[in-house]
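Participant: I'd like to ask you about the structure that follows.
The values are calculated or read from the model by the stated rules, or taken from the named source; none is laboratory data. Just so you know, these numbers come straight off a predicted model, no measurement behind them. Every residue, glycine as well, gets a Cβ built from its backbone with ideal geometry; the counts of neighbours run over all protein chains shown. Ligands, DNA and RNA are stripped out before the accessible areas are found, and what is left, the full protein with its side chains, is counted by its heavy atoms. Shrake-Rupley method; radii C 1.70, N 1.55, O 1.52, S 1.80 Å.
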Amino acid sequence: MEEDAEKIKQALIAKGLDLTGMKVAIHKHLGTYISGGVVPDSAQAGGGYVFAAKDGGGKISIVADGNGTI
C-alpha cells in the first residue's frame, strides 16, 4: 500500500497541489478503489480526503479530492 500511497501523492502533485510536508494515508484499499487522506507529516489533525482508482496496469487516477466532508 505504501507504493500506491506514493502514486496517489504523485498524481495529486501532477494536478498542481503542493504536498510539501504532507503524506498520503490509505484508509481503505479495495484493489481497484482506494480511499484515504492527505495529512501533515508532523501532525494528526487537518488535511484532506482523496478517492482514487487503480487500473489493471497499476496506474492511479484521482477520482475526487478536497478537504471537509462529502
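Participant: With the full set of protein chains in place, find how many percent of the accessible area of the chain is carbon and sulfur; take the probe as 1.4 Å.
Facilitator: Values: 2370 of 4520 Å².
After summing per-atom areas, the C and S share lands at 53 percent.
Participant: Trypsin sites (Lys or Arg not before Pro), restricted to the chain: which are DSSP loop and have at most 10 other Cβ atoms within 10 Å?
Facilitator: Values: sites: LYS7, LYS9, LYS15, LYS23, LYS28, LYS54, LYS59; in loops: LYS15, LYS59.
Within the chain, the qualifying trypsin sites (Lys or Arg not before Pro) (loop, at most 10 other Cβ atoms within 10 Å) are LYS15, LYS59.
Participant: Angle check, please: helix 2-14 long axis (alpha carbons) against the longest principal axis of the chain (alpha carbons), in degrees 0 to 90, nearest 10.
Facilitator: The two axes meet at around 70 degrees.
Participant: Shifting gears a bit: May I ask for the net charge around GLU2, where only other residues with Cβ less than 11 Å from the Cβ of GLU2 are counted and Lys, Arg are +1 while Asp, Glu are -1? All intermediate terms of the calculation are to be shown ahead of the outcome.
Facilitator: Working: positive: LYS7, LYS9, LYS23; negative: GLU3, ASP4, GLU6.
Combined, the nearby Lys, Arg, Asp and Glu give 0.
Participant: Counting only pairs 8 or more places apart or on different chains, how many lysine pairs in the chain have C-alpha atoms closer than 14 Å? Could the numbers behind the result be given before it?
Facilitator: Details: LYS7/LYS15; LYS7/LYS23; LYS7/LYS54; LYS7/LYS59; LYS9/LYS23; LYS9/LYS54; LYS9/LYS59; LYS28/LYS54.
Number of lysine pairs found: 8.
Participant: Can you work out ³J(HN,Hα) from phi for every residue in region 28-33, in order, using Karplus 6.51 cos²θ - 1.76 cosθ + 1.60 and θ = phi - 60°, giving whole Hz and x for Gly and Pro?
Facilitator: 9, 10, 9, x, 8, 10
Participant: About its Cα centre, what dipole magnitude does the chain give when the only charges are +1 on Lys and Arg Cβ and -1 on Asp and Glu Cβ, stated in debye to the nearest 20? Each step should come with its number before you reach the end.
Facilitator: Details: 7 positive and 8 negative charges, 30 e Å.
Around 140 debye, computed over the chain.
Participant: Same structure again: Among [x] 1.17; [y] 0.93; [z] 1.12, find the value of Rg/Rh (Cα atoms, Kirkwood Rh) that was calculated from the structure presented, and write down its label.
Facilitator: [y]
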